[in-house]
Amino acid sequence: MRLHEALVECDFSVVTGELLRISESAASSFDLTSENGCHMLLGLLFNMRGYADPISNREYGLGRPDIRLEPVESSFASGERPLIIIDLKYAQGASSDDLEGLAEDALRQIEERHCDEGSLPAQVSARVRWGVAYSGKRVVTVCDRA
């Protein structure tokens, strides 16, 4: 799936485009009224090649990342797969600039709260952090590799 590989590669333009396409064509505006509604992204990440099922809102470090994707050991032979952490933010009626700021806040939160820590196989050294900000059907994403 195009979205899955874009998440791994930190390709924010593809991730943003795919999330916009999904929110515009599949989600109701009644579904996208809070951060919890934006958790629909979780369902899109099951059966992601090289990854275990996504983990939602579990404590890691000093926080609770919205979504955590851990690579499975069998994927190590085909090249390193990074740990992926996604933090979601929602703001009703936010402008594009507000959404950009919220997405950046999400990245800072992942780093400051050490949400990409915890027990992982030694082969996992790369981390990809995503900040995803929604306002209704509008979405902005930012990505950082650590």
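Within region 83-129, track down each residue that is part of a helix (DSSP H, G or I) and either small (Gly, Ala, Ser) or at positive phi (or both).
Kept after step one, since they are part of a helix (DSSP H, G or I), are these residues of region 83-129: 96-112.
Within region 83-129, 96, 101, 103, 106 meet the criteria.
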Report, by residue number, each residue of region 48-67 that is touching a helix residue (DSSP H, G or I) at 6+ places or on another chain (Cβ under 6 Å) and in a loop (DSSP other than H, G, I, E, B).
48, 50, 54
Which one is nearest to the chain's Cα centre (by Cα), of the residues in region 104-128 that are open to solvent by less than 30 Å² (accessible area, probe 1.4 Å) and touching a residue at least 40 places away in the same chain (Cβ under 8 Å)?
128
What is the one condition in (1) within 20 Å of residue 10 (Cβ to Cβ); (2) open to solvent by 40 Å² or more (accessible area, probe 1.4 Å); (3) at pLDDT 90 or above that residue 69 does not satisfy?
(2)
Qualifying residues in region 37-61 (those that are under 19 Å from residue 111 (Cβ atoms) and touching an Asp or Glu at 6+ places or on another chain (Cβ under 8 Å)) - the one surrounded by the most Cβ atoms within 10 Å (Cβ to Cβ):
60
All positions within region 12-27 that are without any contact (Cβ under 8 Å) to a residue 24 or more places away in the chain and surrounded by 17 or more Cβ atoms within 10 Å (Cβ to Cβ)
18
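The values are calculated or read from the model by the stated rules, or taken from the named source; none is laboratory data. Values in this document were obtained by computation on a predicted structure and should not be read as measured data. Ideal geometry is used to build each Cβ from the backbone, glycine not excepted, and the neighbour counts take in all protein chains shown. Each accessible area value is taken on the protein alone, full model and side chains, heavy atoms only, with ligands, DNA and RNA left out. Shrake-Rupley method; radii C 1.70, N 1.55, O 1.52, S 1.80 Å.
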